[in-house]
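Visitor: Here it is, the structure in full.
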Amino acid sequence: MAFGALLPCEECKGQFVFKSDAYYCSGDITAWTKCVAKTQTPNRKDWVIPKEFREIPYLKKFKCKKQDRVFPPDAATVNSVPPPSASAPLTETVSAPRDKPLTNMKILVLGKLSKNKEEVKSIVEELGGKMTTTANKATLCISTQKDVEKMSKKMEEVKEAKVRVVSEEFLQDVKSSSKDFQELVSLHALSPWGAEVKMEHEEMAVDGKCSKPPSMKSAGKVKEEQGPSKSEKKMKLTVKGGAAVDPDSGLEDSAHVFEKGGKIFSATLGLVDIVKGTNSYYKLQLLEDDRENRYWVFRSWGRVGTVIGSNKLEQMPSKEDAVEHFLNLYEEKTGNSWHSKNFTKYPKKFYPLEIDYGQDEEAVRKLTVGAGTKSKLAKPIQDLIKMIFDVESMKKAMVEFEV
């Protein structure tokens, strides 16, 4: 009202939305690409007051005058803190001291040590490190030889994550010894597994620019984390009838993916936003009990490469209700009907990703032929031979047994 009504974006006909520094277009150029138009002086038209609001005295007298909004000057004059390129020294902004040997490291403690966990935590933090309870996030594990030989479930996770296990004396030597860090790791190593951990300290530049903080590089798996991320792990999937039940449903041993008319009711959807830099997923499955007439709709969602996400398992009253709920969710997320032959991508909607469990290989399709019509064998014998030589069924069975 104060500046005039906004006209649509000239590039995509989308709606401009005001933010702190400019007007941003909220439209889409294509079904895959978001419009990135940005301006401080958008085109405007007169603000028209609807007749039903003219009874209000203020609105009755209101007269619109088109004008440009005034934005604050650049951040250089607004912010009191100088940018990183300023000539002022930035030594005060460096949070972690450079001389601490465990800077940016996460330490996992397993088993019974001579010191309690609070004492160990105090020493680790004094050396610049942090404690963790997750093997996949740990840089080093502190334990005993007895616990390594015992190989508990937690120690198996440490081994799977290829985290080096060292003795408790390692902390004292790191604190007092002048030996090389890697030499101390090797000296106190208790496990045959584990990648080499190297510390690379980058010094402050002469011109006042702050370099990157100390980082940890490993000859195997990189242990440093940048933001919340899920560890890269292989997940074993059990394939039943040509599709795998998502393990997060908890039903992989007692249910299978529902199939009707040759179509498997399982969908993995994706949505990429190049502007925001996000890659989202949405998994949807209709599950049927292996023995009883019970049905569930399972869905999980999140962002690839992060811990953002969740899942939901819903037991449905009947097969018809389960199918209907599955179809509604699919259409809501994609804008397409589940039975549609030609998929159309819509802006801000998910699109299906092809998941190959090995059941649709071209070689199998070439070997699959229709039954002959010239056979003189009895119908039951024909059916038996067709079942024995059904390449598709054989392939599905081989996939299930991981052959």
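Visitor: Restricting to region 153-176, count the residues that are small (Gly, Ala, Ser) and either touching an Asp or Glu at 6+ places or on another chain (Cβ under 9 Å) or in a helix (DSSP H, G or I) (or both). Explain how you work it out, then say what you get.
Guide: Initially, region 153-176 is screened for residues small (Gly, Ala, Ser), giving 161, 167, 176.
So of that shortlist, the ones also either touching an Asp or Glu at 6+ places or on another chain (Cβ under 9 Å) or in a helix (DSSP H, G or I) (or both) come out as 176.
Total meeting the criteria: 1.
Visitor: Filter region 236-277 down to the residues that are modelled with pLDDT of 85 or more and polar (S, T, N, Q), then identify the one that is farthest from PHE343 (Cα to Cα).
Guide: SER254
Visitor: In region 25-40, is there at least one residue being farther than 30 Å from GLY270 by Cα and outside any loop (DSSP other than H, G, I, E, B)?
Guide: Here is the first cut: in region 25-40, the residues farther than 30 Å from GLY270 by Cα are 39-40.
Still in the list and also outside any loop (DSSP other than H, G, I, E, B): 39.
Within region 25-40, one or more residues are farther than 30 Å from GLY270 by Cα and outside any loop (DSSP other than H, G, I, E, B).
Visitor: Which one of these does GLU361 not meet: (1) modelled with pLDDT of 85 or more; (2) surrounded by 11 or more Cβ atoms within 10 Å (Cβ to Cβ)?
Guide: Against the list (1) modelled with pLDDT of 85 or more; (2) surrounded by 11 or more Cβ atoms within 10 Å (Cβ to Cβ), GLU361 comes up short only on (1).
Visitor: Going through region 121-140 one residue at a time, which ones are surrounded by 14 or more Cβ atoms within 10 Å (Cβ to Cβ) and in a loop (DSSP other than H, G, I, E, B)?
Guide: Our first condition is that a residue be surrounded by 14 or more Cβ atoms within 10 Å (Cβ to Cβ); within region 121-140, this holds for 121, 123-125, 127-132, 135-140.
LEU127, GLY128, GLY129, THR132, ALA138, THR139 - these are the residues of region 121-140 that are surrounded by 14 or more Cβ atoms within 10 Å (Cβ to Cβ) and in a loop (DSSP other than H, G, I, E, B).
Visitor: Out of region 325-344, which residues are surrounded by 13 or more Cβ atoms within 10 Å (Cβ to Cβ) and part of a loop (DSSP other than H, G, I, E, B)? Full working, then the answer.
Guide: Here is the first cut: in region 325-344, the residues surrounded by 13 or more Cβ atoms within 10 Å (Cβ to Cβ) are 325-327, 329-331, 333-336, 338.
GLY335, ASN336, TRP338 - these are the residues of region 325-344 that are surrounded by 13 or more Cβ atoms within 10 Å (Cβ to Cβ) and part of a loop (DSSP other than H, G, I, E, B).
Visitor: So which of LYS348, LYS333 ends up being on the phi > 0 side of the Ramachandran plot and in contact (Cβ under 8 Å) with a residue 60 or more places away in the chain?
Guide: LYS348
Visitor: Also: Looking at this structure, is GLY309 small (Gly, Ala, Ser), under 29 Å from THR30 (Cα atoms) and within 20 Å of the chain's Cα centre (by Cα)? Before you say what the answer is, go through the steps one by one.
Guide: Values: small (Gly, Ala, Ser): yes; under 29 Å from THR30 (Cα atoms): yes; within 20 Å of the chain's Cα centre (by Cα): yes.
Answer is yes for this residue.
Visitor: From the list SER87, SER143, pick out the single residue that is closer than 18 Å to GLY194 by Cβ and either modelled with pLDDT under 85 or surrounded by 16 or more Cβ atoms within 10 Å (Cβ to Cβ) (or both). Reasoning before the result, please.
Guide: Working: SER87 fails: closer than 18 Å to GLY194 by Cβ.
Checking each option against the conditions leaves just SER143.
Visitor: Further question on the same structure: Show the residue pairs that are 6+ apart or on different chains and have beta-carbon atoms under 8 Å apart, the first residue being within region 112-129 and free of Cβ contacts under 8 Å to residues at least 40 places away in the same chain, the second being among the small types (Gly, Ala, Ser).
Guide: Going by the 8 Å Cβ cut-off, the qualifying pairs are GLY128/ALA96.
Visitor: Then there is this: Report, by residue number, each residue of region 263-311 that is in a strand (DSSP E or B) and of a type in the set (A, V, I, L, M). Steps first, answer last, please.
Guide: Step one: list which residues in region 263-311 are in a strand (DSSP E or B), which gives 263-264, 266-273, 278-289, 295-303, 309-311.
ILE264, ALA267, LEU269, LEU271, VAL272, LEU284, LEU286, LEU287, VAL297 - these are the residues of region 263-311 that are in a strand (DSSP E or B) and of a type in the set (A, V, I, L, M).
Visitor: If I filter region 59-76 for residues that are surrounded by 10 or more Cβ atoms within 10 Å (Cβ to Cβ), at pLDDT below 80 and closer than 30 Å to VAL275 by Cβ, do I get at least one hit?
Guide: Scanning region 59-76, I find at least one residue that is surrounded by 10 or more Cβ atoms within 10 Å (Cβ to Cβ), at pLDDT below 80 and closer than 30 Å to VAL275 by Cβ, so the answer is yes.
Visitor: Out of (1) part of a helix (DSSP H, G or I); (2) of a type outside the set (A, V, I, L, M, F, W, C); (3) surrounded by 15 or more Cβ atoms within 10 Å (Cβ to Cβ), the odd one out for PRO347 is which?
Guide: (1)
The values are calculated or read from the model by the stated rules, or taken from the named source; none is laboratory data. These numbers come from a predicted model, not from an experiment. Every residue, glycine among them, receives a Cβ derived from its backbone with ideal geometry; neighbour counts consider all protein chains shown.
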